[in-house]
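Chemist: I am attaching a structure below and will ask some questions about it afterwards.
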Amino acid sequence: MCTSHEENNFIPQEIIHYPQKQIQYYKYQNSQLCPATTNASWSSCIRKHVSNGSYREAIVLYNQIRSKGVYFLGLVPLVLKACAYVSVLNCGKSLHSEAIKHGVDSNVRIGTSLVSMYAKCGDIPDSRKLFEYMPERNVVTWNAMISGYVKNGDMKSASVLFDKMSTRNAVSWIEMIDGFARSGDMVAARRTFNEVPFELKNVVTWTVMIDGYASKGEMEAARLLFEDMPQRNFFVWSSMISGHCKIGNVKEARAIFDRVPVRNLVNWNSLICGYSQNGFCEEALDAFGKMQNEGYEPDEVTVVGVLSACAQLSLLDVGKDVHKMICAKGMKLNEFVVNALVDMYAKCGDLTGARLVFERMTNKNNACWNSMISGFAVHGKTKEALEFFGRMEESNEKPDEITFLSVLSACVHGGFVEVGLEIFSKMERYGLSASIKHYGCLVDLLGRAGRIQDAYHLIKSMPMKPNDTVWGAFLGACRIHMDNDMVEQVVEDVCTSDSSVDSGNDPHYALLLNIYAGSGSWEKAGRVSMVMADRGLQKTSGRSSLMLENTEQFHI
């Protein structure tokens, strides 16, 4: 089993909490307007693009149709959906203008699609204005407006509108339950769930409520409701698996998985991603093999989880095989898959491979920039890390806390003190607050350069209490530069700090012992040794990792 760290855990929440996507899909399917039958090949192609999630392609194709002077009323709701999903508000407004020009803007299907499009693109005022002026509204129209408020986090307006509805269907209740859950108000979500009429409380209503608990890590409440559920679908099984993995209870997640009566790809993906998320990388790869043996074809979500496991285990050969499989199966190279490939190559040390994938990306988001910068930093390529940081600043993506942590780490390894100090000062410019980890990097940077006094003053001026990592970096620098006077000055700080004593072991006492012993101060070393013995502390044994043939990892 390998251990993952927050900044190195690549799998995004959208992938980890996979069932949420399926629930949203259900809600759309159950509120979808049936487009009119139209002249076919064009209509069929656009419908296929939309159903496959190729929304931009659908918009481009529709524009080609319009350039020929053809206007299909039945296609408008589909294209408006595509505009909503990729937040292309200008295109949606053009479709609205066309609807007015052709006199169909009062059509309930077109109007409802426009309400939904404006809301999903974040233009709530225009969405509500259109909703109010519609001459005819049905329950789908009301649901679209409520969904818009929910998506934009305005549960107060959603609740007011919900209370005004004369007719509600299952989707109306599901939207409200899901909205309260996503806003963190689980009390209101549960109250709404309890108020759902018996005839409308279907399997998805239960699933949304349970998924709400699971997404917030309230697994006991989720379990109680799950056990009472009269009928279960595979989404709710996956919600339970993902929920347990989210709080680190992998054992219980596996127990839930083993109870699934008929498994499908979503269940396997929840388990594989959950394993990778928690650092159970060998288990993730083992589950991937078993999934394939049972005849399931991996999809984009699967490979993201598997590539994350390969990255954490540094299994470059396995990662390359997964890359080949992605190409052979013609999988869609969405941002998650491409980012996972960059991350895998970078963490495995194949920076050339990582860069090749990175440079071919059309849209480079925060995660892929961070993967490249971190990869360069970890493997000692300081200049390249700084180069990419500069490129990122010039791009549309703003650096985040992880970016700065990676760049500062690169400066530490390269000894770029002044550059590191300058980069640290930029955090405030981007509206970011430095964490204890950022300060730890800066202390390490100054300490390694022999600027012990500056490092000590930085520790004293920190807005938070120094922890083991900060003091450890500082004392390590004192040891390297044999600055025993400074050691004397900070011994009391280290020994009296609340954070310096943890159960069973304290690296600071061990480090102090090494400092005194290394400088020949045997009397002081003896006193530290006695303190360690009195407190029941032990010096940590050294451990090394040995990788044989990229398949097995042994600890020595």
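The values are calculated or read from the model by the stated rules, or taken from the named source; none is laboratory data. Since this is a predicted model, take the numbers as computed values, not measurements. Note: ideal-geometry Cβ built from the backbone for every residue, glycine included; neighbour counts use all protein chains shown. Quick note on the areas: whole protein, heavy atoms, side chains included, nothing else; ligands and nucleic acids left out. Shrake-Rupley method; radii C 1.70, N 1.55, O 1.52, S 1.80 Å.
Chemist: Of the residues 403, 469, only one is surrounded by 17 or more Cβ atoms within 10 Å (Cβ to Cβ), modelled with pLDDT under 90 and out of contact with any Cys (no Cβ under 8 Å at 6 or more places or on another chain); which?
Modeler: Details: 403 fails: modelled with pLDDT under 90.
The conditions single out 469.
Chemist: Restricting to the range 408-430, name every residue that is surrounded by 13 or more Cβ atoms within 10 Å (Cβ to Cβ), outside any helix (DSSP H, G or I) and in contact with a Lys or Arg (Cβ under 7 Å, 6 or more places away or on another chain). Let's see the steps before the verdict.
Modeler: From the range 408-430, those surrounded by 13 or more Cβ atoms within 10 Å (Cβ to Cβ) are 408-414, 416-417, 419-421, 423-424, 426-427, 430; that's our starting set.
Remaining after also requiring outside any helix (DSSP H, G or I): 416, 430.
Within the range 408-430, 430 is the sole residue that qualifies.
Residue-by-condition table, conditions (1) more than 29 Å from residue 341 (Cβ to Cβ); (2) of a type outside the set (Ser, Thr, Tyr):
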position: 375; (1), (2): no, yes
position: 392; (1), (2): no, yes
position: 409; (1), (2): no, no
position: 440; (1), (2): yes, yes
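Chemist: Kindly provide the set of residues from the range 125-149 that are crowded, with 19+ Cβ neighbours inside 10 Å and either at pLDDT below 90 or of a type in the set (A, V, I, L, M) (or both), ordered by number.
Modeler: 130, 134, 140, 144, 145, 146, listed by residue number.
Chemist: Which condition does residue 375 not pass, out of (1) open to solvent by 10 Å² or more (accessible area, probe 1.4 Å); (2) within 22 Å of the chain's Cα centre (by Cα); (3) among the small types (Gly, Ala, Ser); (4) closer than 30 Å to residue 464 by Cα, if it passes all the others?
Modeler: (1)
Chemist: Keeping to the range 234-250, report how many residues are surrounded by fewer than 18 Cβ atoms within 10 Å (Cβ to Cβ) and of a type outside the set (A, V, I, L, M).
Modeler: Initial filter on the range 234-250 (surrounded by fewer than 18 Cβ atoms within 10 Å (Cβ to Cβ)): 247-249.
Adding the requirement that they be of a type outside the set (A, V, I, L, M) leaves 248-249.
Qualifying residue count for the region: 2.
Chemist: Find the residue count for the range 61-86, including only residues that are in a helix (DSSP H, G or I), of a type in the set (Lys, Arg) and farther than 15 Å from residue 111 by Cα. Can you show your working first?
Modeler: Let us first name the residues in the range 61-86 that are in a helix (DSSP H, G or I), namely 61-67, 73-85.
Among the residues that remain, those that are also of a type in the set (Lys, Arg) are: 66, 81.
Subset that is farther than 15 Å from residue 111 by Cα: 66.
Final tally of qualifying residues: 1.
Chemist: From (1) buried (at least 20 other Cβ atoms within 10 Å of the Cβ); (2) at pLDDT 80 or above; (3) farther than 22 Å from residue 139 by Cα, pick out the condition that doesn't hold for residue 93.
Modeler: (1)
Chemist: Moving to a separate point now. Which numbered condition in (1) surrounded by 24 or more Cβ atoms within 10 Å (Cβ to Cβ); (2) among the small types (Gly, Ala, Ser); (3) out of contact with any His (no Cβ under 8 Å at 6 or more places or on another chain); (4) farther than 23 Å from residue 378 by Cβ is the only one that residue 253 fails?
Modeler: With respect to (1) surrounded by 24 or more Cβ atoms within 10 Å (Cβ to Cβ); (2) among the small types (Gly, Ala, Ser); (3) out of contact with any His (no Cβ under 8 Å at 6 or more places or on another chain); (4) farther than 23 Å from residue 378 by Cβ, residue 253 is out only on (3).
Chemist: List the pairs whose first member sits in the range 41-68 and is on the phi > 0 side of the Ramachandran plot, whose second member is open to solvent by 80 Å² or more (accessible area, probe 1.4 Å) and not small (Gly, Ala, Ser), and whose Cβ atoms are under 9 Å apart, counting only residues at least 6 apart or on separate chains?
Modeler: From the range 41-68, the pairs are 53/85; 53/332.
Chemist: What do you reckon, is residue 261 out of contact with any helix residue (DSSP H, G or I) (no Cβ under 6 Å at 6 or more places or on another chain) and buried (at least 21 other Cβ atoms within 10 Å of the Cβ)? First the steps, then the outcome.
Modeler: Values: out of contact with any helix residue (DSSP H, G or I) (no Cβ under 6 Å at 6 or more places or on another chain): yes; buried (at least 21 other Cβ atoms within 10 Å of the Cβ): no.
No, not satisfied.
Chemist: Residues that are over 28 Å from the mean Cα position of the chain (by Cα), within 25 Å of residue 122 (Cβ to Cβ) and modelled with pLDDT under 85: does the range 67-75 have at least one?
Modeler: Step one: of the range 67-75, the residues over 28 Å from the mean Cα position of the chain (by Cα) are 67-75.
Now drop any that are not within 25 Å of residue 122 (Cβ to Cβ), which leaves 75.
Those still in the list that are modelled with pLDDT under 85 too: 75.
Yes, some residue in the range 67-75 is over 28 Å from the mean Cα position of the chain (by Cα), within 25 Å of residue 122 (Cβ to Cβ) and modelled with pLDDT under 85.
Chemist: State the number of residues belonging to the range 378-399 that are surrounded by 18 or more Cβ atoms within 10 Å (Cβ to Cβ) and either under 25 Å from residue 56 (Cβ atoms) or acidic (Asp, Glu) (or both).
Modeler: Looking only at that region, the number is 3.
Chemist: A follow-up question, please. Within the group 306, 318, which residue is assigned to a helix (DSSP H, G or I) and surrounded by fewer than 23 Cβ atoms within 10 Å (Cβ to Cβ)? Outline the logic, then answer.
Modeler: Details: 306 fails: surrounded by fewer than 23 Cβ atoms within 10 Å (Cβ to Cβ).
Only one candidate qualifies: 318.
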